[in-house]
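Visitor: This is the structure, below, for whatever I ask next.
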Amino acid sequence: MADYHFVYKDVEGASTQWDDIQRKLGNLPPKQPAFKPAPFTPVEDDESKPKDKAWIDEKTEEELEDLEDDLDDDRFLEDYRKKRLAEMREAAKIAKFGSVIPISGSDFVREVSQAPQDVWVVVLLYKDGYPECRLLLQCLEDLAKLYPATKFVKIISTECIPNYPDRNLPTILVYNSSAVKATYVGIHSFGRRCTPESVALVLCQSDPVLNDGHGGEQSTEAVLKGVRKNFVERVIREHEDDDDGSSSD
């Protein structure tokens, strides 16, 4: 007959009164704490997020198109999805430049005179080795990043206009609809201290030259309001950076 041997195993972490006494006397090692599993935290997925306007705003254009059949039961979200898709597609139509593009004399007609009618073109006439040209170019590079739907180009002055006097450098020409809308000769045209903001204010004093590509109103006053806002934000950032630098010393 088989000899069955049963082993009794208590709940993990349980202890008898005798074991407790032996531990107090130092005859047994300290009692190990009972194992406790980490609390369960479900992994957040896209389906668990609340479906609201913020949820729609996070979607790409492709994702919004895929949601067309999923939001049939929610009229509000479906209407908002269509609105966001329309905004994205409208923004995609606007040309994006974002930098000062170097051109040659042979490129001028194609890049400037034949630019689309809804695109403003800012042309910098310059030469290397002139500090004033370098300063104005840096300002235009900053503006090109802030207003990527405005086209900024630079061209060696004598390639654009033969025998153009160096004393007139730097010069800015503003084009729209194949015509020159404004001309600014010399660094002094932009105030005693040439900054991206002072250049922006001069460029937009009569026309809405600068376009950030976000749509919305493109009146001169609206653009100037945005320029002033960017200027205030830059001053605040520089002030905060100065405070951080002084506190770390």
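The values are calculated or read from the model by the stated rules, or taken from the named source; none is laboratory data. Everything numeric in this text was worked out from a predicted model, so none of it was measured. Neighbour counts are summed over all protein chains in view; Cβ atoms, including those assigned to glycine, are modelled from backbone coordinates with ideal geometry. For accessibility, only protein heavy atoms count, side chains too; no ligands or nucleic acids. Shrake-Rupley method; radii C 1.70, N 1.55, O 1.52, S 1.80 Å.
Visitor: May I ask you to verify whether Ala144 is closer than 18 Å to Gly98 by Cβ, among the small types (Gly, Ala, Ser) and free of Cβ contacts under 8 Å to residues at least 60 places away in the same chain?
Guide: yes
Visitor: So, one more: Identify all residues within segment 146-196 that are small (Gly, Ala, Ser) and open to solvent by 30 Å² or more (accessible area, probe 1.4 Å); write none if there are none.
Guide: Ser177, Ser178, Ala179, Ser189, Gly191
Visitor: Right, another one. Give segment 112-149 a look and list any residue that's out of contact with any Gly (no Cβ under 7 Å at 6 or more places or on another chain), assigned to a loop (DSSP other than H, G, I, E, B) and among the aliphatic types (A, V, I, L, M), or say none.
Guide: Correct list: Ala115, Val119.
Visitor: Would you be able to say whether some residue in segment 197-207 is in contact with a strand residue (DSSP E or B) (Cβ under 9 Å, 6 or more places away or on another chain), more than 18 Å from Leu137 (Cα to Cα), of a type in the set (Gly, Ala, Ser) and surrounded by fewer than 16 Cβ atoms within 10 Å (Cβ to Cβ)?
Guide: Among the residues of segment 197-207, at least one is in contact with a strand residue (DSSP E or B) (Cβ under 9 Å, 6 or more places away or on another chain), more than 18 Å from Leu137 (Cα to Cα), of a type in the set (Gly, Ala, Ser) and surrounded by fewer than 16 Cβ atoms within 10 Å (Cβ to Cβ), which makes the answer yes.
Visitor: Answer with yes or no whether Glu221 is more than 28 Å from Gln114 (Cβ to Cβ), within 23 Å of the chain's Cα centre (by Cα), at pLDDT 70 or above and not basic (Lys, Arg).
Guide: Numbers: more than 28 Å from Gln114 (Cβ to Cβ): yes; within 23 Å of the chain's Cα centre (by Cα): no; at pLDDT 70 or above: yes; not basic (Lys, Arg): yes.
When the stated conditions are applied, Glu221 does not pass them.
Visitor: Quick check on my filter: what residues within segment 161-181 are farther than 19 Å from Phe97 by Cβ and not basic (Lys, Arg)?
Guide: Ile161, Pro162, Asn163, Tyr164, Pro165, Asp166, Asn168, Leu169, Pro170, Thr171, Ala179, Val180
Visitor: Would segment 164-184 turn up any residue that is on the phi < 0 side of the Ramachandran plot, part of a helix (DSSP H, G or I) and of a type in the set (Val, Ile, Thr)?
Guide: For segment 164-184, residues on the phi < 0 side of the Ramachandran plot, part of a helix (DSSP H, G or I) and of a type in the set (Val, Ile, Thr): absent.
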